[in-house]
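Please treat every number below as a calculation from the coordinates, not as lab data. Bear in mind that the values here come from a model prediction, so they are computed numbers and not experimental data. Reconstructed Cβ throughout: ideal geometry from the backbone, glycine too, with neighbour counts over all protein chains shown.
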Amino acid sequence: MEILFTKLHENGNDFIVIDEWEHVVIPDDMKAQFAASYCDRRFGIGAEGVIFLKHSEKSDIHMRLFQPDQSEAGMYGNGIRCLAKYAFDAGYVKGTCTVDTLAGPVGVDMAYRDDTFVATISMPTPKFGRPEIPAKGDGEYREHIGVFEVYAANTGVPHAVVLVDDLETVNVEALAPPVRHHDSFTKGANVNFVQKTGDDSIRIRTFERGVEGETLSCGTGATASAAVVHHLGMMGDIVKVETGGGSLVIYLQGGTKMEGPAETVFSGTIRF
């Protein structure tokens, strides 16, 4: 059987999209293993997740996203931008739509600005309470883990946020796992190292659970990082976030939103 796929990225965070608009392509009980196989960068296509685009009974489109470790992600801001671009280019949606995810419906506004596709995603309201992250204990999350003071927020998925003076000196692959697996996080956490670069700007590096490594960009991580520095009174309502793959803008007033680009890389077929 030949399966059509399209690979897209946003700021270097790359995804494989499988179009199931008309019919099921990969049976549900095989989707996780499919992602594990084809996200592999040596023996597969290479990606940080596989997105399955489907019809939705509640929204304009439905998204299921499986990661290389076979887990299904509840919310993935960058993945939604890729999904939105694919659906927009295919004519399934117009300039505004809602996407049904495990974390609930997500609103998207999108358009081409010159030759660049830009989408603004309505993100979940950041939650800072330990039960909502989820993490052990009560109150807002603030823990000393190793040499770091760690904050946390849930922006659809749990994110730890570590403020540092110089990102260049941070060995993410070595320093993130003790935070990611700390027993205070009941379901683990993504880890963001954050450096303030201006009055309303930060630069981040993100270690993603599920991927189990550093990624060039993470939308929920950018949102969580911006939300934490805003919550701490360090920045205003609009925060520019520089990731390894490019820039995002996070809006934190009148609802939480994330703005950024998405780009199609290539399409092809898989013999499955």
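Do any trypsin sites (Lys or Arg not before Pro) in segment 31-88 lie in a loop, going by DSSP, with at most 14 other beta-carbon atoms within 10 Å of their beta carbon, and if so which? Kindly include the intermediate steps, with their values, before the conclusion.
Working: sites: Lys31, Arg41, Arg42, Lys54, Lys58, Arg64, Arg81, Lys85; in loops: Arg41, Arg42, Lys58.
Answer by residue number: Arg41, Arg42, Lys58.
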Inter-label distance for Glu140 and Phe272, nm, one decimal - labels placed 7 Å from Cα along Cα-to-Cβ: 4.5 nm
Three-way shape call for the chain based on the alpha-carbon gyration tensor, with the a/c threshold at 1.5: prolate
Highest-MSF residue in the chain out of Leu248, Leu232, Leu167 [GNM, Cα springs under 10 Å]: Leu232
Cα-based helix-to-principal-axis angle, 77-90 vs the chain, degrees rounded to 10: 20 degrees
Coil-residue trypsin sites (Lys or Arg not before Pro) of segment 190-258, DSSP, other Cβ within 10 Å capped at 15: none
Rough spin-label spacing in nm, given labels placed 7 Å along Cα→Cβ, for Glu149 and Lys187: 2.8 nm
Neighbour cut-off at most 14 other Cβ (10 Å), DSSP loop, trypsin sites (Lys or Arg not before Pro), segment 104-195: Lys136, Lys187
Contour excess over end-to-end distance, with Cα ends at Glu22 and Glu212 and 0.36 nm allotted per residue: 65.1 nm
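Only Lys, Arg, Asp and Glu count, each charged at its Cβ (+1, +1, -1, -1), so figure out the dipole size of segment 58-150 about its Cα centre, rounded to 20 debye.
Working: 10 positive and 13 negative charges, 32 e Å.
Once rounded to the nearest 20, the dipole reads 160 debye.
Is the shape of segment 1-56 rounded, prolate or oblate, going by the alpha carbon gyration tensor and its root eigenvalues a ≥ b ≥ c, with a/c under 1.5 for rounded and a/b larger than b/c for prolate? Before the final figure, lay out the partial values.
On the way: a/c = 1.94, a/b = 1.33, b/c = 1.46.
Cα axes put segment 1-56 in the oblate bin.
So between Ser247 and Gln70, what do we pick up on full extension, going 0.36 nm a residue minus the alpha carbon distance?
Working: separation 177, 0.36 × 177 = 63.72 nm, distance 2.84 nm.
Result: 60.9 nm gained on full extension.
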Separation between Cα centres of segment 243-272 and segment 103-124, rounded to whole Å: 8 Å
Over the chain, relative contact order from alpha-carbon pairs under 8 Å, at least 6 apart, %: 21 percent
Placed amide H near Arg209: partners under 5 Å, 5+ positions off or other chain: Asn190, Val191
Rounded to 10°, Cα long-axis angle of helix 219-231 versus longest principal axis of the chain: 30 degrees
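Is segment 126-270 rounded, prolate or oblate when judged by the Cα gyration tensor, a ≥ b ≥ c being the square roots of its eigenvalues, rounded requiring a/c under 1.5 and prolate requiring a/b larger than b/c?
Numbers: a/c = 1.42, a/b = 1.18, b/c = 1.20.
Rounded is the answer for segment 126-270, as its axis ratio a/c remains below 1.5.
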